[in-house]
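Values in this text are rule-based calculations from the coordinates and carry no lab data. The shown structure was predicted, so the numbers you read here are calculated from the model rather than taken from an experiment. Every residue, glycine among them, receives a Cβ derived from its backbone with ideal geometry; neighbour counts consider all protein chains shown.
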Amino acid sequence: MKRLLALGAVVLTTAALAWAGSDDQPKAGGAPKPVITKAVKGEQCVEPTDTMRRDHMKFLDHHRDQAVIEGVRTKKYSLKECINCHASETTGSVAASKDDFCVSCHSYAAVKIDCFDCHSTKPQGSAAMHPLNAETAHYKHKLAAQAASKVSAEEMAGVAQ
Amino acid sequence: MSELNQMSNQAPASPERRRFVGVATAAAGLAIAPGVMLVEVAHGRPEDQAASSAVRWGMLVDATKCATGCNDCVTACSTENGWTPVAESAHPKQAPQWIRKLELQDPLTQMETNLPMMCQHCAEPPCVDVCPTGASFKRADGIVLVNRHTCIGCRYCMMACPYKARSLVHESLNDTQKPDVPRGIGCVESCTLCVQKVDRGDGNTACAEACTAAGHDALLFGDMNDPESEISKRLRELPTKQVRADLNLNLGVRYHGI
């Protein structure tokens, strides 16, 4: 009986090892590293990257209290502006798929995001309808590529002017 | 007791002082240089400037012009603020209603009255009095809002409101919100007088714009503290009423023809 149990244990262990070995992720590396995509717009965030990684919630919390309670709606530190720059080009969102800007790091760090229970994860309008104002004018070649079927380049130039 | 007396003595003077401060600010704004404004008055508040109590946003509803069967203000509100209209809701009894149309009939004379009903933006809001977390608040410019970051969804404010103006979001909205109007499950909400538009400097609400576009002109939005504003002029001329004036809440929404 003992021999049979030992045999069973060996078989199970081997099976488990074989299953683990077949996995693509190396176990020693831990959870998959976050995918950090460069912002679609702009070169530099409102604060140095290290500061933003550590303290973005301090800036956001302070800004939100000022915006909601006092009506101070400055663009710097506004969540809407984060989304305007960081929304993914494929999903058009910061939190729709697992590789999108906010979700990617937050799932790695196992920190739940509550922002998007209430806030939209997408910039104003769809990517194709993104207003071609001065702030987004440098982004218009990408928009033109996305909206190729509907709007001609001349029309886009006209709107930009 | 002497303190109390002092306070009551000062109270009547405050509107005058406020008006003076308002005038002084406007003058300072104009004085810098021709064509250069330091302070943009009322409608175009700079984005880094807090809402000011020199302004009190309000609305005048002319029920004599409000058309039977017209729902344009409600539709415009739902489009601007991203809430699902009751007719399209899977749970109509739970559906949010930031603004709703009422049709009233006098049982004796059969006279019908139409009017939109929404948050009345009281100067002394009962919803703010009862809120246990301070989430329900009145902004300096008179707009009564819910801070969804502190709202726990207890719904005391819904019970306290004499106008049935508030509703709770019962279900997850699954990222259907407008970027300008965050709203979500477990929070109470109501008319914000289109605070996002006001802060942008549009100087009008979606419902009033829609009413004007439909040619009814029954809704007029403006600054009730500015004696020169259109709404103040009309309020001086027309006989208006506050709904449940007996509650002494000093409403920001006034009705003519009810």
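Structure summary
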{"read-out": "3J(HN,Hα) from dihedral phi, segment A:76-90, Karplus parametrisation 6.51/-1.76/1.60, rounded to Hz, x for glycine, proline", "value": "4, 6, 7, 4, 4, 6, 3, 5, 4, 8, 9, 4, 5, 6, 7"}
{"read-out": "Extension gain from A:R53 to A:H106, taking 0.36 nm per residue of separation minus the Cα-Cα distance", "value": "18.0 nm"}
{"read-out": "Segment B:172-258: trypsin sites (Lys or Arg not before Pro) falling in loop per DSSP and having at most 14 other Cβ within 10 Å", "value": "B:R244"}
{"read-out": "Cα→Cβ-extended label distance, 7 Å offset, between B:Q94 and B:K233, nm", "value": "4.8 nm"}
{"read-out": "Simple label model, 7 Å out from Cα along Cβ direction - B:T79 to B:A160, nm", "value": "3.5 nm"}
{"read-out": "Overall Cα dimensions of segment A:31-122 - principal axes, largest extent first, Å", "value": "41, 28, 24"}
{"read-out": "Rounded Å value of the spacing that divides the Cα centres of segment B:128-165 and segment B:223-258", "value": "22 Å"}
{"read-out": "Debye, to nearest 20: dipole size of segment B:53-256, +1 on Lys, Arg Cβ, -1 on Asp, Glu Cβ", "value": "460 debye"}
